[in-house]
Amino acid sequence: MTAFYVDSSALVKRYAPETGSTWVTSLGDPVAGHSILIGEITVVEVAAALAAKARIAGGLTTAQRDAALGAFLNDCDDGYLLIGLDRATLDLAVDLTQRHVLRAYDAVQLATSLLSNSDLVARALPPLTFVSSDQDLLKAARAEGLLVDDPILHS
């Protein structure tokens with residue numbers, strides 16, 4: 001089993017065409033057999049990103065946005081492992097904001113992935129790979145000892 005923690009900057013690529021979309025889509029292909037972990041906050045972040053793409057000229061049409069959001073929410077129910085947000089995650093996120101250049105939700109994403117990774121390793125499973133297209137977040141994840149990947153490198 002290969003586990004990937006995919007943040008919203010990368011996951012949105014599966015639902016709206018961007019550089020790296022093909023690779024992110026391949027990660028979630030059931031045939032690949034990967035486990036895709038996402039934080040519950042990612043549900044809101046991806047929904048907001050899709051809405052933003054529909055507001056810009058040349059972006060998604062309303063119908064495309066609605067179809068993409070529907071597909072994403074369906075995948076949240078059936079394809080992804082959603083990781084809840086608890087006090088330990090928030091405490092770690094606060095700490096991460098002091099050690100790295102991170103926005104609030106990015107710190108929550110990183111904290112969620114770090115705790116998920118610790119859980120995998122404690123169960124003698126391979127560590128996860130943190131997937132993002134946010135360079136500050138990737139830098140912080142590397143500094144925290146996570147394996148990282150950027151969909152843009154797979155275009």
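The values are calculated or read from the model by the stated rules, or taken from the named source; none is laboratory data. Everything quoted here is computed from the prediction, not taken from an experiment. For neighbour counting, all protein chains shown are included, and Cβ atoms are generated from backbone atoms with ideal geometry for every residue, glycine included.
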Yes/no for ALA104 being under 14 Å from PHE4 (Cα atoms) and free of Cβ contacts under 8 Å to residues at least 60 places away in the same chain
no
Checked SER26, SER9 against criteria (surrounded by fewer than 17 Cβ atoms within 10 Å (Cβ to Cβ) and either of a type in the set (Phe, Trp, Tyr) or within 18 Å of SER132 (Cβ to Cβ) (or both)); the one match is SER26
Picked from the range 104-127 (must be part of a loop (DSSP other than H, G, I, E, B) and out of contact with any helix residue (DSSP H, G or I) (no Cβ under 8 Å at 6 or more places or on another chain)), the residue surrounded by the most Cβ atoms within 10 Å (Cβ to Cβ) is LEU125
Filter the range 128-155 for residues that are of a type in the set (Gly, Ala, Ser) and not in a helix (DSSP H, G or I); the one that is nearest to THR89 (Cα to Cα) is GLY145
Checking THR25, THR42, THR19 in turn, the sole residue that is under 24 Å from SER155 (Cα atoms) and not in a helix (DSSP H, G or I) turns out to be THR19
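Residues are listed down the side, and each one gets a yes or a no for (1) polar (S, T, N, Q); (2) on the phi > 0 side of the Ramachandran plot; (3) modelled with pLDDT under 95:
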| position | (1), (2), (3) |
| --- | --- |
| ILE36 | no, no, no |
| THR42 | yes, no, no |
| GLU45 | no, no, no |
| ALA49 | no, no, no |
| GLY59 | no, no, yes |
| ALA67 | no, no, no |
| PHE72 | no, no, no |
So, first residue free of Cβ contacts under 8 Å to residues at least 12 places away in the same chain in the range 128-151, second residue surrounded by 15 or more Cβ atoms within 10 Å (Cβ to Cβ) and in a strand (DSSP E or B), Cβ within less than 6 Å, six or more apart or across chains; the pairs are ARG142/VAL148
The condition of being among the small types (Gly, Ala, Ser) and within 22 Å of VAL24 (Cβ to Cβ) holds, among ALA52, ALA104, only for ALA52
Of the candidates GLY39, GLY20, the one satisfying the condition of being closer than 21 Å to LEU138 by Cα, in contact with a strand residue (DSSP E or B) (Cβ under 7 Å, 6 or more places away or on another chain), surrounded by 17 or more Cβ atoms within 10 Å (Cβ to Cβ) and in contact (Cβ under 8 Å) with a residue 12 or more places away in the chain is GLY39
Scanning the range 56-76 for residues that are of a type outside the set (Val, Ile, Thr), in contact with a helix residue (DSSP H, G or I) (Cβ under 9 Å, 6 or more places away or on another chain) and outside any loop (DSSP other than H, G, I, E, B) gives GLN64, ARG65, ASP66, ALA68, LEU69, ALA71, PHE72, LEU73, ASP75, CYS76
Selection from the range 90-101 of residues in contact (Cβ under 8 Å) with a residue 40 or more places away in the chain and in a helix (DSSP H, G or I) yields LEU96, ARG99
Taking the range 128-143 and keeping residues surrounded by 24 or more Cβ atoms within 10 Å (Cβ to Cβ) and farther than 18 Å from ILE36 by Cβ leaves ALA140
